[in-house]
Amino acid sequence: MIGPSLGTTWHMWDRQIPELAQHWRVFRYDLPGHGGAPAHAAPSVAELGDRLLATLDGLGVQRFGYAGCSIGGAVGADLALRHPHRVASLALVASSPRFGSADEFRQRGVIVRTNGLEPMARTAPERWFTPGFAAAQPAIVEWAVQMVRTTDPGCYIAACEALAAFDIRDHLGRIGVPTLVLVGAEDKVTGPAEARTLVAGIPDARLALVPGASHLAPVEQPAAVCDLLLTHFSTAWQDAPAAALPAPPLVPGPPTPATPFAPVAEIAAAPLAPEAAGRLPDDRYERGTKVRREVLGDAHVDAANGSADAFTEDFQELVTRYAWGEVWNRDGLDRRTRSCITLTALVASGHLEGLAAHTRAALRNGLTPAEIKEVLLQTAVYCGIPAAGAAFSVAQSVIQEETTPPA
């Protein structure tokens with residue numbers, strides 16, 4: 001099994017396939033909305049893994065080796081944690097137990113929602129390749145740019161959200177399959193430091209540093225990467241006890257999904273799992289902390305918690321527990337709608353000190369600048385021109401800051 005990175009297609013592995021296919025049956029996949037795959041956005045890394053397993057179940061594949069680059073590596077690590085009986089050996093390429101900061105990826109989603117994928121396409125070569133390779137291989141650089149341009153923006157944003165929420169730093173010790181951590185020596189995205197964190201946390205993991213390569217090491221140094229994968233999967237393969245493998249059903253059911261399977265660039269949609277029966281007793285603070293960070297961002301929450309003292313810490317806990325763990329966590333309204341209401345309430349009450357944070361939150365929750373403008377125009381009618389004018393000034397500054405692509 002071979003997984004791609006964000007913004008690429010399965011063709012990033014083209015140079016490795018002929019050699020690998022001499023030894024194993026090789027299956028590649030594209031992320032949703034990438035490379036022409038159907039644009040069924042996946043909200044989490046775990047969802048990507050579940051869809052992949054559903055597709056493998058349809059093929060009758062129970063046990064497999066897995067190599068993945070960047071978010072593709074995250075999928076492999078997640079599978080090794082949640083379905084260890086399925087993964088026989090693992091190679092994490094240009095990957096990390098946590099990809100940057102949640103704020104960074106959510107802002108990337110805001111930029112794409114506002115400006116499209118062109119900013120990401122334009123900066124892809126400098127993120128993916130060393131300067132020397134980019135200068136010597138203009139055709140490959142143009143191929144990389146076109147891969148990003150042809151990606152579905154909604155699926156790209158969903159992948160950014162999935163990476164923002166991905167964090168397995170505290171669980172690395174539970175990865176029990178033979179693991180190779182492979183990284184380009186000049187990777188500035190998920191580089192040697194992140195690779196060493198993986199190696200330090202995963203029992204008996206081995207590190208391979210590829211000279212002269214940046215983030216897309218399989219493209220930049222194809223022979224070296226291929227040799228490392230061949231050696232790893234030929235020598236490090238963990239056989240699972242037969243009892244650990246799920247028994248096949250006695251009577252085969254209809255395929256899932258209902259359409260005939262074809263080995264093309266698509267991960268089949270996984271069937272919806274039934275909701276867990278009930279929540280843990282009074283986990284509102286933990287739920288609230290998670291939602292508060294997702295909506296307002298780590299920087300805002302860290303600043304609020306950092307400034308709290310014995311006088312204000314109970315208030316911060318109350319806000320987290322009830323505002324975020326209760327109301328913002330309810331299913332009755334989606335976060336976009338809650339942001340519209342919150343912006344309106346802040347303008348109506350004159351509490352503009354909170355408007356900047358909630359304008360950022362509205363962008364992260366999926367509102368476009370044009371939709372925020374419409375909300376504020378509505379407040380001008382019902383809350384007054386002066387209040388709306390002040391709100392426009394605050395929101396304009398935040399929107400310019402959040403949606404301006406990196407230089």
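Every test in (1) touching a Cys at 6+ places or on another chain (Cβ under 9 Å); (2) open to solvent by 20 Å² or more (accessible area, probe 1.4 Å); (3) in a loop (DSSP other than H, G, I, E, B) is passed by Glu19 save one, and that test is (3). The sole residue among Ala370, Ala345 that is open to solvent by 50 Å² or more (accessible area, probe 1.4 Å), under 33 Å from the mean Cα position of the chain (by Cα), of a type in the set (Gly, Ala, Ser) and within 21 Å of Val112 (Cβ to Cβ) is Ala370. Just to be sure, is Ala208 over 16 Å from Ser5 (Cα atoms), surrounded by fewer than 21 Cβ atoms within 10 Å (Cβ to Cβ), at pLDDT 95 or above and more than 26 Å from the chain's Cα centre (by Cα)? No.
Farther than 24 Å from Ala158 by Cβ, assigned to a helix (DSSP H, G or I) and open to solvent by less than 30 Å² (accessible area, probe 1.4 Å), is that true of Gly354? Considered against the rule, which asks whether it is farther than 24 Å from Ala158 by Cβ, assigned to a helix (DSSP H, G or I) and open to solvent by less than 30 Å² (accessible area, probe 1.4 Å), Gly354 comes out as yes.
Here Ser307 fulfils each of the conditions (1) hydroxyl-bearing (Ser, Thr, Tyr); (2) touching a residue at least 12 places away in the same chain (Cβ under 8 Å); (3) more than 28 Å from Tyr156 (Cα to Cα) apart from (2).
Within region 143-161, the set of residues being more than 13 Å from Met12 (Cα to Cα) and open to solvent by 60 Å² or more (accessible area, probe 1.4 Å) comprises Arg149, Thr150.
Just to be sure, is Ala164 crowded, with 20+ Cβ neighbours inside 10 Å and among the hydrophobic types (A, V, I, L, M, F, W, C)? Here the answer is yes, as Ala164 does meet what is asked.
Of the candidates Ala46, Ala41, the single residue that is aliphatic (A, V, I, L, M), open to solvent by 10 Å² or more (accessible area, probe 1.4 Å) and at pLDDT below 95 is Ala41. Within region 229-246, residues that are closer than 27 Å to Gln16 by Cα and among the hydroxyl-bearing types (Ser, Thr, Tyr) have Cβ atoms under 9 Å from residues that are modelled with pLDDT of 75 or more and open to solvent by 90 Å² or more (accessible area, probe 1.4 Å) in these pairs: Ser234/His23, counting only partners at least 6 apart in sequence or on another chain.
Here Thr320 clears all of (1) under 26 Å from Glu104 (Cα atoms); (2) open to solvent by less than 30 Å² (accessible area, probe 1.4 Å); (3) modelled with pLDDT of 95 or more except the condition numbered (3).
In the set (1) surrounded by fewer than 20 Cβ atoms within 10 Å (Cβ to Cβ); (2) closer than 27 Å to Gln221 by Cα; (3) in contact with a strand residue (DSSP E or B) (Cβ under 6 Å, 6 or more places away or on another chain), Ala121 fails one condition alone, (3).
Residues in region 170-186 that are outside any helix (DSSP H, G or I) and either open to solvent by 70 Å² or more (accessible area, probe 1.4 Å) or within 30 Å of Leu363 (Cβ to Cβ) (or both): Glu186 alone. Scanning region 304-323 for residues that are under 27 Å from the mean Cα position of the chain (by Cα) and closer than 16 Å to Gly354 by Cβ gives Ala304, Thr320, Ala323. Put simply, of Ser95, Ser5, Ser89 the only residue that is touching a residue at least 40 places away in the same chain (Cβ under 8 Å) and assigned to a strand (DSSP E or B) is Ser89. Leu79 fulfils the conditions (1) open to solvent by less than 30 Å² (accessible area, probe 1.4 Å); (2) of a type outside the set (Asp, Glu); (3) in a loop (DSSP other than H, G, I, E, B) except for a single criterion, (3).
Among the residues here, Arg113 qualifies as surrounded by 19 or more Cβ atoms within 10 Å (Cβ to Cβ), at pLDDT below 95 and not small (Gly, Ala, Ser).
The values are calculated or read from the model by the stated rules, or taken from the named source; none is laboratory data. A quick note: this is a predicted structure, and the numbers were derived from the prediction, not measured. Every residue, glycine as well, gets a Cβ built from its backbone with ideal geometry; the counts of neighbours run over all protein chains shown. SASA here: full protein model, heavy atoms, side chains in, ligands and nucleic acids out. Shrake-Rupley method; radii C 1.70, N 1.55, O 1.52, S 1.80 Å.
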